[in-house]
Amino acid sequence: MSHTDPTDPSPLPVLDVWCELQCPDCRTALADLRALRERFGDALDIRLRHFPLERHRHAHAAAQAAEEAIAQGRGWPYVEAVLERAEDLGTVGEPLLVEVARELGLDAEEVDTALVDGRHILIVDADQAEGRAIGVTGTPTYVIGGERLDGGKSQEGLRERIEEIAGRLIAERS
């Protein structure tokens, strides 16, 4: 979910959030992400990066559905809505992904079709491969200013560290 323009001579600082939509720790991290968006607004590009974990059966499908929501212009609202229902996703599965799309006013039929035809699978797989290459092993994991911050065990202090790095990067950009 990037808004960064590679031709911009001074691109925004980027916070990559390696996330999995069936992960309870990622759901807990929502408050921090909301606070970061509120504090930095358009000065920080917060990008969703997919890292579905094998132990969560519906995580890969959820990542693909999120990509379809992004294509329909409602990526973050969709991601947040699915994370809020992470436990339900474990029991209900893919029908929940379509239901959330419908609740948000997305084209739910298109989300369902995207899950069947796999049109977003390469994006999800590329994110996961890149995550592995940089040492991501769990979610949530944040990368900002070349620093990787692992949040899977505890979110304690992570938002403050991200705010510190983001503030520095934004100041350097000015």
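The values are calculated or read from the model by the stated rules, or taken from the named source; none is laboratory data. If you're wondering where the values come from, they're calculated on a predicted model, not measured in any experiment. Using ideal geometry, Cβ is built from the backbone for each residue, glycine included, and neighbour counts are taken over all protein chains shown.
Summary table below
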{"quantity": "GLU67 within 21 Å of ASP112 (Cα to Cα), crowded, with 21+ Cβ neighbours inside 10 Å, in contact (Cβ under 8 Å) with a residue 60 or more places away in the chain and charged (D, E, K, R)", "calculated": "no"}
{"quantity": "Counted residues, the stretch 121-145 - those being free of Cβ contacts under 8 Å to residues at least 24 places away in the same chain and in a loop (DSSP other than H, G, I, E, B)", "calculated": "3"}
{"quantity": "Selection count, the stretch 72-96, where residues are without any contact (Cβ under 8 Å) to a residue 40 or more places away in the chain, under 22 Å from ILE46 (Cβ atoms) and assigned to a helix (DSSP H, G or I)", "calculated": "3"}
{"quantity": "Failed item, numbered, when GLU110 is tested on (1) of a type outside the set (S, T, N, Q); (2) at pLDDT 95 or above; (3) under 18 Å from the mean Cα position of the chain (by Cα)", "calculated": "(3)"}
{"quantity": "Cβ pairs under 8 Å, 6+ apart, first in the stretch 154-174 and under 16 Å from ILE46 (Cβ atoms) and touching a residue at least 24 places away in the same chain (Cβ under 8 Å), second of a type in the set (Ser, Thr, Tyr) and loosely packed, with under 11 Cβ neighbours inside 10 Å", "calculated": "ARG173/SER10"}
{"quantity": "Filter result for GLU109 (charged (D, E, K, R), surrounded by fewer than 22 Cβ atoms within 10 Å (Cβ to Cβ) and part of a helix (DSSP H, G or I))", "calculated": "yes"}
{"quantity": "Where a residue in the stretch 100-120 is over 12 Å from ALA62 (Cα atoms) and its partner, wherever it lies, is outside any helix (DSSP H, G or I) and of a type in the set (S, T, N, Q), with Cβ under 6 Å and at least six apart", "calculated": "LEU106/GLN72"}
{"quantity": "Answer residue from the stretch 71-89, given it is farther than 15 Å from GLU109 by Cα, out of contact with any Cys (no Cβ under 7 Å at 6 or more places or on another chain) and of a type in the set (A, V, I, L, M) and is surrounded by the fewest Cβ atoms within 10 Å (Cβ to Cβ) among those", "calculated": "ALA81"}
{"quantity": "Single condition GLU147 does not satisfy, out of (1) surrounded by 17 or more Cβ atoms within 10 Å (Cβ to Cβ); (2) more than 28 Å from GLU94 (Cα to Cα); (3) in contact with a Lys or Arg (Cβ under 9 Å, 6 or more places away or on another chain)", "calculated": "(1)"}
